[in-house]
Structure formats: C-alpha cells, structure tokens
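Down below is the structure, laid out as structure tokens.
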Amino acid sequence: MRPLRVLVADDSAFNRRTIADILSQLPGVEIVGKAVDGEQALSLAFLEKPDLVTLDLEMPRMDGFTFLKILMAKQPTPVIVISSRSAKVDVFRALELGALDFVIKPSGGSPQELATIREELSAKVAMVRQLRPLRAPERVVSSTFLRPVSDERTGPTESLPRKLVVIGASTGGPPALVRMFARFTADLPATFVIAQHMPERFTKTFADRLERLGGLHVSEIDDRATIRAGRAFVCPGGFCVEIHARPAGLFAQVVAPTSDDRYVPSVDRLFRTAAEVFGPRVVAVVLTGMGDDGTKGAQAVRDAGGLVLCESEESAAIHGMPGSVVRAGLAHEILSLQALSERVVKLVRE
C-alpha cells in the first residue's frame with residue numbers, strides 16, 4: 001500500500017504542527033507540505049498533487065472557500081476541513097463547495113482533546129483510502145437557495161402524511177441532502193426525518209441550512225416533534241430518534257443512545273421504529289456514508305412492506321452505507337442522487 005500523501009493548510013503554527021504530527025504518526029501517511037495561507041496551499045496542491053488536504057477556512061491572502069472553489073474546479077482532491085466549533089455555518093458552506101468531511105480543530109492541546117482528534121483523523125484517513133476519484137461538486141439548482149427563513153410557504157402542514165420518508169446519511173451527506181431538499185416543495189404530502197451522522201451542536205445549524213432552501217419546513221428535533229405533512233426533521237447530534245404512535249398523535253421522539261447503537265444518530269433505530277409505526281407507508285432512503293448503519297433498519301422496512309431506496313455508487317461520495325444495503329439484497333431501487341430526489345417526490349404524491 002503506497003503512502004497517503006497529505007498537505008496541511010493552516011495559518012496557525014500550533015495547528016499546523018499538531019495536525020501534521022498526528023497524521024505523520026499514522027501508518028502509511030506522508031506529509032508532503034505545510035501551507036500558511038490559501039495561495040501557498042494551492043501552489044503546493046498543484047505541485048505535489050496530494051491524496052488529501054486538511055484545510056483551515058480562515059487564512060490570509062486566500063481563504064479556504066476560494067481555495068476549495070479553485071481546487072475542485074481544476075484538480076478535485078479529498079479535503080478535510082479543520083474547524084472550530086463556532087464556525088458551523090462555514091463548515092456546511094465548505095461541504096457544499098466540495099469538502100469531504102470535517103473535524104474540530106484543537107483549542108488547547110489537552111491529552112484528551114488530542115486523543116479525540118487523533119482518532120477522528122485516523123478514521124478520515126481510512127475513509128479517504130476507500131474513495132473513488134472525486135468529481136467537481138454539482139451546483140445546487142434552486143431559485144430560493146439559502147434565502148432568509150420565511151413563514152409564507154403553504155402546504156399540508158396540519159394533515160397526517162401519506163408517507164414517512166426516513167433518510168440515513170454519513171460522510172458526504174450534508175451536500176447530498178442540500179441537493180435533494182432543493183428539489184422538494186412545501187406541498188409534499190409526507191414527513192421527512194433525517195439521521196445524519198454529525199457531532200452535537202452542528203445538526204441545528206444544518207437543519208437551519210436546509211430550512212433556508214425554501215421548500216419544506218425543516219427543524220432539528222428538540223424533544224419530540226409532531227409528525228405532519230410538509231415538515232422535515234433532523235435528528236440532533238449525540239442522540240437518536242424513534243417514531244412513536246401515542247393516543248395524542250404520531251411523534252418523532254429524541255432518545256439517548258444505548259450500547260447497541262454503534263452509530264449516533266442511529267439510522268437503524270430510526271428505520272426500525274418508522275417501520276413499526278408506518279409499515280408499508282415508509283420510504284427509507286440510504287445515502288452516502290461509511291459503514292453499514294441502516295442495513296438492519298432496511299430489513300425492518302422491507303419486512304413491514306415499505307420501500308428501500310439506495311444512492312448509487314456513481315453519485316455517492318462514499319458507497320459504504322448504501323453498498324451494505326445493496327449487498328444484503330435489501331434495496332428495491334438503486335438510483336443516482338438526482339433520480340432519488342425525483343423518485344421520492346413521485347412516491348409521496350402517489
């Protein structure tokens with residue numbers, strides 16, 4: 001196995017040194033350059049052609065966003081954003097520009113913090129080794145893209161949905177979901193619930209970003225959410241969500257993860273409980289991501305008479321999650337991301 005060649009771009013000498021030291025200690029990783037700003041990072045990227053770039057977004061001379069736009073247009077390369085917890089909106093903007101994933105940057109260098117970052121970077125390196133060649137990111141086609149939040153949208157928000165669409169995603173999920181939700185309208189007679197693997201305190205910002213697309217009303221679930229048509233909900237980071245039928249109505253309920261939940265939020269748990277309540281009216285969608293979360297849940301959806309749709313290998317950034325469902329023989333349909341969006345719309349209107 002040839003070394004994975006990494007370029008580290010960060011204007012902080014502490015962060016450059018810390019990230020480079022952590023990566024260089026991983027088996028099979030070679031640091032091919034360290035850049036103090038976006039211009040130097042771009043020059044080194046074109047010269048060294050690294051397999052991976054770790055990128056700070058706030059840098060002098062050329063910021064990380066400009067770097068991403070140019071790099072992805074001219075030389076698509078896996079990029080992991082190194083971001084502070086306070087820069088959540090910037091993270092999602094970077095993901096939509098083509099960044100693959102993100103980790104939280106070190107703040108004080110405590111042993112516990114460094115151990116967490118080392119574990120995350122090790123997982124990202126393993127993920128990058130499994131990547132197919134990247135393509136330039138698709139532009140989001142939406143006349144209302146990221147408009148200010150408004151309550152002027154109309155839709156069947158007080159009616160019970162014809163379908164419950166449950167969506168599971170991990171790495172590559174945020175930009176995929178943005179492209180999918182840009183094609184959804186407020187009058188869809190369905191409820192959407194998303195389990196996106198994401199750290200705590202990032203899921204609310206992500207839900208707000210989907211909300212500003214101007215179609216469906218989207219929010220992070222606080223404690224529980226009443227299931228109504230024309231609404232979409234995002235599972236909060238660090239927790240799981242279950243679908244429940246109570247005398248007072250149908251709810252998406254936030255619950256604490258258990259030792260059985262290998263991934264949080266758990267796609268398996270969301271799919272399984274959705275199948276228990278909605279049965280054949282469930283449409284389960286498995287998007288890009290590492291691992292096999294969603295496979296057991298897809299089995300429950302099929303057993304209940306629901307439909308299982310998987311993103312194709314051609315459009316998925318990481319085909320681990322949908323690929324696991326496909327290999328288990330559980331996918332009813334395997335479609336590109338654009339075709340998935342169109343198929344979901346057709347299904348919920350039937």
Checklist outcome for this item: antiparallel share of DSSP beta bridges within the chain, to nearest 5, in %, is 20 percent
Next on the checklist: I need the calculated FRET efficiency for the pair ARG349 and GLU314, taking r as the beta carbon distance and R₀ as 25 Å, to the nearest 0.05.
Outcome noted: 0.45
Checklist entry - At a Förster distance of 25 Å, what's the computed FRET efficiency of ARG5 paired with LEU114, Cβ-Cβ distance as r, to 0.05? => result 0.65
Item to check | Sequence-distant lysines (8 or more away, or on other chains) whose Cα lies within less than 17 Å of LYS69 | outcome: LYS49
Next on the checklist: Tell me the relative contact order for region 163-349 as a rounded percent, counting alpha carbon contacts under 8 Å between residues six or more apart.
Outcome noted: 23 percent
Item to check | By average C-beta atoms within 10 angstrom, highest first, the peptides 311-317, 17-23, 222-228 | outcome: 311-317, 17-23, 222-228
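Sorting THR66, THR288 on the 10 Å Cβ count, fewest up front, what's the list?
Values: THR66 15, THR288 26.
Ascending number of Cβ neighbours within 10 Å: THR66, THR288.
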Checklist entry - So how tilted is helix 111-129 from the main axis of the chain? Cα-based, degrees 0 to 90, rounded to 10. => result 80 degrees
Checklist entry - Can you give me the relative contact order of region 4-129 as a percent, contacts being Cα pairs under 8 Å and 6 or more apart? => result 23 percent
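Once every DSSP H run of n ≥ 4 in the chain is given -39500 (n - 2.57) and the sum is divided by its residues, what mean residue ellipticity at 222 nm do you get, rounded to the nearest 500 deg cm²/dmol?
Details: 11 runs with 122 residues, N = 350.
Result for the chain, helices only: -10500 deg cm²/dmol.
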Checklist entry - Given the options GLY291, GLY230, GLY329, which has the most mean-square fluctuation in a GNM of the chain, springs set between C-alpha atoms less than 10 angstrom apart? => result GLY329
Checklist entry - Which option, (i) 6, 26, 33, 22, 11, 2, 0; (ii) 5, 21, 30, 24, 15, 5, 1; (iii) 5, 27, 37, 25, 6, 0, is the value of P(r) over Cα pairs in 10 Å bins from 0, in percent that was calculated from these coordinates? => result (i)
Checklist entry - When the chain is modelled as a GNM with alpha-carbon springs shorter than 10 Å, which of LEU68, LEU47, LEU57 fluctuates the most? => result LEU47
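Using Cβ contacts closer than 10 Å as the measure, can you line up THR116, THR203 from fewest to most? Kindly include the intermediate steps, with their values, before the conclusion.
Numbers: THR116 14, THR203 24.
Lowest count first: THR116, THR203.
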Checklist entry - Once phi is turned into ³J(HN,Hα) by the Karplus curve 6.51 cos²θ - 1.76 cosθ + 1.60 with θ = phi - 60°, what whole-Hz value does each residue of region 201-206 show in order, with x for glycine and proline? => result 6, 9, 5, 5, 4, 5
Checklist entry - Leaving out same-chain residues fewer than 8 places away, which aspartates and glutamates sit with a Cα under 13 Å from that of LYS296? => result ASP260, ASP261, ASP268
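Ranked from highest to lowest mean number of other Cβ atoms within 10 Å per residue, what is the order of the peptides 248-256, 120-128?
Numbers: 248-256: 15.7, 120-128: 18.4.
Highest-to-lowest ranking by the protection proxy: 120-128, 248-256.
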Next on the checklist: Can you list residues from other chains, or at least 5 along the same chain, whose modelled amide H is less than 5 Å from the amide H of ARG5?
Outcome noted: GLU30, ASP51, LEU52
Item to check | Value of relative contact order over the chain, rounded to a whole percent, pairs C-alpha under 8 Å and six or more apart | outcome: 12 percent
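Sort the following peptides by mean Cβ neighbour count (other Cβ atoms within 10 Å, averaged over residues), highest first: 172-182, 26-36, 236-246. Please report the intermediate quantities before stating the final value.
On the way: 172-182: 24.0, 26-36: 16.6, 236-246: 18.6.
Peptide ranking by packing, descending: 172-182, 236-246, 26-36.
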Next on the checklist: Of all beta bridges DSSP finds with both residues in region 218-301, what is the antiparallel percent, to the nearest 5?
Outcome noted: 75 percent
Item to check | ³J(HN,Hα), Karplus 6.51/-1.76/1.60, whole Hz, each residue of region 159-173, x for Gly, Pro | outcome: 9, 6, x, 6, 9, 10, 9, 10, 10, x, 7, 9, 4, x, x
Next on the checklist: List the lysines whose Cα sits under 18 Å from the Cα of LYS105, skipping any in the same chain fewer than 8 residues away.
Outcome noted: LYS34, LYS88, LYS124
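We did not get these values from a lab; they are worked out from the coordinates using the rules stated. Worth saying up front: this structure is predicted, and the values here are computed from it rather than measured. Because the Cβ atoms are built from the backbone with ideal geometry, glycine has one as well, and the counts that use them run over all protein chains shown.
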